[in-house]
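Q: One structure coming up, written as structure tokens, with questions to follow.
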Amino acid sequence: MSDGREVAIKTIRFDDYEEEQFWDELKIHQQLSPHTNVVSLLAKQYTERESGSFVMERCAHSLRDWLKIHGERSTFETQRMLREVLSGLEFCHSKRIVHRDLKPDNILVCADGTLKLTDFGMSYQFGSHLEAVAGRWSCEEYVTLWYRPPELYLVDLSNNSRVAARPTHSFPVDMWALGCVFVEMRCFVPLFSAESPMDLFFRVYRTIGSPGAHEWPQGHQLFAALALVPAKRIPDSFDLYKQRLGMDGIDFLRRLVVNAPGARMTATQALAHPYLNTK
């Protein structure tokens, strides 16, 4: 920019619907930009019927690249980084905005080590708190596959008109994704490195089992409609990460990677969890 600052520019070439998407993303980013843990939007550029661009502060690395470069670090550092991601998510959710594509590539690390959420191209803002509680119909694929929760991929897999209670999605999709990101931050491996929604289905249910009828009725109904028998669940499957996460870390993970969306911690609850509050 004219003041010498380095910037990052994201450009959207307009097609049938991209121009509307540009304005939606701009509106969301403008509301979130003032927060410390959201990448700052500095300016916009717009050419009618051609393209639109977001001019943003430039951060040193994505979290994925940062992990590759820096590797091992203390539990304390992981806790700090998680608190910053959660602080950004809590602010998003307070504005009734669900990110819907949380992953290490969409978390930036600045030169001073601050973490910031970015890329709100898939984000959605609910019109009211009641609408957010009710959720949005899972009519399209959101969230990159490795970080996609059951309420999204079960609908895609079932495609069954006989299933009456199709689940919706809301803020818990970000919390499931956060659990997956947490494992990568501490263990350097994806929690569910699936190659397709069906592969993800088997990996998830081998890890946490199928949704119970009382735990999550809609998910149980969708699961039954698939008429598939996943590989037998591995008992205490998260114990594989116990050495890296510790007991509080395992509990933190279990409260995020849960079948029932309503059973997952909120961002505010996660910030108060003992794992993030022990020295």
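Quick note: the coordinates plus some simple rules give every number you see, no bench work behind them. Here the structure is a predicted model, which means the values were calculated and not measured. All Cβ positions, even for glycine, are placed from backbone atoms using ideal geometry, and neighbour counts span all protein chains on display.
Q: I want to check a number: in the chain, how many lysine pairs have alpha carbons closer than 24 Å, given a sequence separation of 8 or more or different chains?
A: Close lysine pairs under the 24 Å cut-off: 22.
Q: What value, in deg cm²/dmol to 500, does the helix sum -39500 (n - 2.57) over DSSP H runs of n ≥ 4 give at 222 nm once divided by the residues of the chain?
A: -12500 deg cm²/dmol
Q: Roughly what % of Cα-Cα distances in the stretch 1-58 sit above 18 Å, to the whole percent?
A: Pairs farther apart than 18 Å: 35 percent.
Q: Now, a different point. Give me the net charge of Glu48's neighbourhood, meaning all other residues with Cβ under 15 Å from the Cβ of Glu48; Lys, Arg count +1, Asp, Glu -1.
A: The answer is -2.
Q: Largest first and to the nearest Å, give the Cα extent of the stretch 49-124 along each principal axis.
A: 48, 27, 18
Q: Rounded to the nearest whole Å³, what is the per residue volume of the convex hull around the Cα atoms of the stretch 32-80?
A: Hull volume normalised by residue count: 108 Å³.
Q: Any idea what the dipole of the chain comes to, in debye rounded to 20, about its Cα centre with Lys/Arg Cβ at +1 and Asp/Glu Cβ at -1?
A: That gives the chain a dipole magnitude of about 960 debye.
Q: How many angstrom lie between the Cα centre of the stretch 12-42 and the Cα centre of the stretch 65-124?
A: 17 Å
Q: Moving on to the next point. Obtain the radius of gyration and the Kirkwood radius of the chain from its C-alpha atoms and give Rg over Rh.
A: Dividing the radius of gyration by the Kirkwood radius yields 0.97.
Q: Local charge sum around Phe202 (other residues, Cβ-Cβ under 15 Å, Lys/Arg +1, Asp/Glu -1)?
A: Summing Lys and Arg as +1 and Asp and Glu as -1 gives +2.
Q: Run through every distinct alpha carbon pair of the stretch 113-267 and return the Kirkwood hydrodynamic radius in angstroms, one decimal place.
A: By the Kirkwood definition, the hydrodynamic radius is 16.3 Å.
Q: Before anything else, pin down the relative contact order of the chain: Cα pairs under 8 Å, at least 6 apart, normalised by residue count, whole percent.
A: So the answer I get is 16 percent.
Q: Suppose we look only past 20 Å in the calculated P(r) of the stretch 194-268. What percent of the Cα-Cα pairs does that tail hold?
A: Tail of P(r) above 20 Å: 37 percent of Cα pairs.
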